[in-house]
Amino acid sequence: MATTDLPGADDAAENAATRNIHKANTRLHDKIDQLSSSAHEGVDKVTGKATATAEAWSDRLHRVTETPEQALEAARDCVREKPLQYVAIAAGIGVLVGLLCGARHHSRY
């Protein structure tokens, strides 16, 4: 006598197969949810680091472009406050450069 000849054997096998498929399907969905969650966390970390890096570089760029302008403005303010002192300093620098250039010129001959 074959197993299919037993009353209800087909139904029991079908029910067992359906339960196994359902369990496998549930496990598969759980794994997909876990992988999706892990991937989302990874993307969030990378995005956060990229955003922080972009903000840091933006701040540095802002400081680099702003610093020369601030230095120039500070120099202008100093010259406005004491113009004669800075004219004398510029003249002294001119004399030094002239002496150095003259000394180099005379040492060639």
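Every number in this text was worked out from the coordinates using simple rules, so none of it is lab data. Because the structure is a prediction, the values reported are computed rather than measured. Every residue, glycine among them, receives a Cβ derived from its backbone with ideal geometry; neighbour counts consider all protein chains shown.
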Legend entry - Simple Cβ-charge dipole of the stretch 8-107, Lys/Arg +1 and Asp/Glu -1, about Cα centre, in debye nearest 20: 700 debye
Inset, instruction - Express in nm, to one decimal, how much length is gained between residue 73 and residue 17 on full extension, taking 0.36 nm for each residue of separation and deducting their alpha carbon distance. - result: 11.9 nm
Inset, instruction - Give the angle, between 0 and 90 degrees and rounded to the nearest 10, that separates the Cα long axis of helix 9-81 from the longest principal axis of the Cα atoms of the chain. - result: 10 degrees
Inset, instruction - Please give the calculated 222 nm ellipticity per residue for the chain, where each DSSP H segment of at least 4 residues contributes -39500 (n - 2.57) and the sum is spread over every residue; nearest 500 deg cm²/dmol? - result: -33500 deg cm²/dmol
Inset, instruction - May I ask you to give the average projected area over all directions of the convex hull of the Cα atoms of the chain, in nm² rounded to one decimal? - result: 18.6 nm²
Legend entry - Full-extension gain in nm, residue 40 to residue 56, via 0.36 nm per residue minus C-alpha separation: 3.3 nm
Inset, instruction - Under a 10 Å cutoff between Cα atoms, tell me which one of 56, 71, 90 has the largest fluctuation in the Gaussian network model of the chain. - result: 90
